[in-house]
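Beneath this line is the structure, given in C-alpha cells, with notes to follow.
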Amino acid sequence: MYHNEIEFIDLGMIDYIEAFNLQKQYAAERASDILDHDRILMLEHLPVFTLGKRGGRENLVVTEDFLQSRNIPIVQTERGGNITYHAPGQLVFYPVIHLEKRQTGVSDFVNMLEEIMIRTASDFGVTAMRNSANHGIWVGSSKIGSIGLSVKRGVCFHGIALNVNLDLTPFTWINPCGLTGVQMTSLENERIRQTQDNNTNRDRFRKDRFRKKTENRVNTENRVNKELPDISILAVKSKMRYHFKTIVENNK
Amino acid sequence: MKEISELNLPEELKYSKDHEWSKVEGDIVTVGIDDYAQDQLGEVVFVEVPEVGDTFSKGDEFGTVESVKAVSEIYIPVSGEIVEVNGNLEDAPELVNNSPYEEGWIIKVKADDLSELDNLMDKAAYLEMLKG
C-alpha cells in the first residue's frame, strides 16, 4: 500500500465494545507508526445506546429498566457528541485516520464526513444537508446521519453513522444528540415519503386541466426514481466507500 | 482555516509538536493550546481540565478539548504538579478560540525540571515544523 491509501475493513455485524477495542488498538498502532497506513472499519452494530464523553444519560426519556427489558445496553464512550442509538440497518464507518499526517484539522475533517454522507444520500435520491444547529446531516428537520470523533496523538477514531433501513422507534426513547424535539429518519423512510409525495402529486395533477403536460412530467420523475439503486446496507456501503476514497484519500 | 502566515504565535512563548504553548515564570509554567490548534479544532464547546494537585510526566494527556463533535486530547509539555487551572473555561470554553494566549490559558504547572522545556520550539522552529 502506498502511504496515502486507505485500507477498508468490513467487520459485518459486530458488538459495540468489540469494535471499540479494535479501533483503540488500531489508533494506538497508527499513532506510533506500527501501522503505516490509515484504516476504515465498516460495520453495523447490534442494538446499543452510546453516551458521549460528557454524557447524555439525562437525554434518555425512558427508564434504564425499560431498556434492560428490551435487552439493549448503554455504553459510555470517549467520543464527542451526546447520546445516540446504533442497530442493524444503520451503516457505521469508523475512520482510523492520521489527521496530523494528512494535515487535516478536526473541523475540516468533520466537514468532509458530512460531505461524504450528503453525497451518499444523494446517490439514493435523498437530498440531505448540513444544519447549523448540530453537526451531522439532515433531511429537512430530521436527522439522518450522525458524527462523533475522538482524537488521540493526531489520530482520529469513532466516526459516522448513516441511517439506512433500521427501525427508528428506539430513537424516540432518547433526545438524539441531546436535542429535544428532533426526529430521526433513514434513507428508506425518505424514499417511501418521496414516493408517497409523487403519488399525491400525480393524483392532484390528474384532476388538473394541464393533465397531459403534467403527466409527462410525472412520468419523467418516475423514470428517474426507477433508476435509483435499491436501498440496502451493501449498496450504501459501496457508495460511501467510494466517496471516502474521493474525499479523504484523494482530498478532492 | 488560517494560512500559516496568518497565525498569531507570540515570540516569547515555547511551542510543542502537539501544538501546546508554554510560558515560564520562575518554576511555574503556564500552558494552553496555540492559535494553530484552536483554528484546526474549530469552535470549542468544552475543556476538560485536571485537578489542582494532580501530577503528570512530560507528554502525558492532561485534559481534552471538545469541538465540533470531536474530543481531542491535550498533552503536557513539562513534568510537574498542577498548581492552578483556568476555572473560567467551564462557563466560557470559547476563550480558547478567542484568546488562546491570555484568557484562554488552561493550566499552571510547578515544573519538576525546567530543562525539559529546552527541546520545545521557538516561533521560528515551530513555523518550520508547520510548513513541513
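Listed here are the strands (runs of 3 or more DSSP E) enclosed by the range A:102-156 that have at least 3 residues being under 28 Å from A:Thr169 (Cβ atoms) and within 12 Å of chain B (Cβ to nearest Cβ): A:134-139, A:142-152. Inspect all residues belonging to the range A:29-41 and state whether any of them is assigned by TED's automatic domain parsing to the domain that holds A:Ile147, hydrophobic (A, V, I, L, M, F, W, C) and closer than 17 Å to A:Tyr85 by Cβ. No: the range A:29-41 contains no residue that is assigned by TED's automatic domain parsing to the domain that holds A:Ile147, hydrophobic (A, V, I, L, M, F, W, C) and closer than 17 Å to A:Tyr85 by Cβ.
Only residues that are acidic (Asp, Glu) and closer than 20 Å to A:Ile6 by Cβ: list them for the range A:17-43, please. Before you say what the answer is, go through the steps one by one.
If we filter the range A:17-43 for residues that are acidic (Asp, Glu), which is where we start, we get A:18, A:29, A:33, A:36, A:38.
Of everything in the range A:17-43, those that are acidic (Asp, Glu) and closer than 20 Å to A:Ile6 by Cβ turn out to be A:Glu29, A:Asp33, A:Asp36, A:Asp38.
Applying the condition of being surrounded by 18 or more Cβ atoms within 10 Å (Cβ to Cβ) and outside any strand (DSSP E or B) to the range B:59-78 and asking which residue is farthest from the other protein chains (Cβ to nearest Cβ) yields B:Val78.
Being in a strand (DSSP E or B) and buried (at least 18 other Cβ atoms within 10 Å of the Cβ), is that true of even one residue in the range A:24-39?
Scanning the range A:24-39 turns up at least one residue that is in a strand (DSSP E or B) and buried (at least 18 other Cβ atoms within 10 Å of the Cβ).
Among the conditions (1) charged (D, E, K, R); (2) at pLDDT 95 or above; (3) surrounded by 19 or more Cβ atoms within 10 Å (Cβ to Cβ), the only one that A:Arg79 does not satisfy is (2).
Against the conditions (1) within 23 Å of A:Pro47 (Cβ to Cβ); (2) not in a strand (DSSP E or B); (3) not acidic (Asp, Glu), A:Val92 satisfies every one except (2).
The values are calculated or read from the model by the stated rules, or taken from the named source; none is laboratory data. Remember, it's a predicted structure, so these values are computed and weren't measured experimentally. Positions of Cβ are generated from backbone atoms using ideal geometry, with glycine treated the same way; all protein chains shown enter the neighbour counts.
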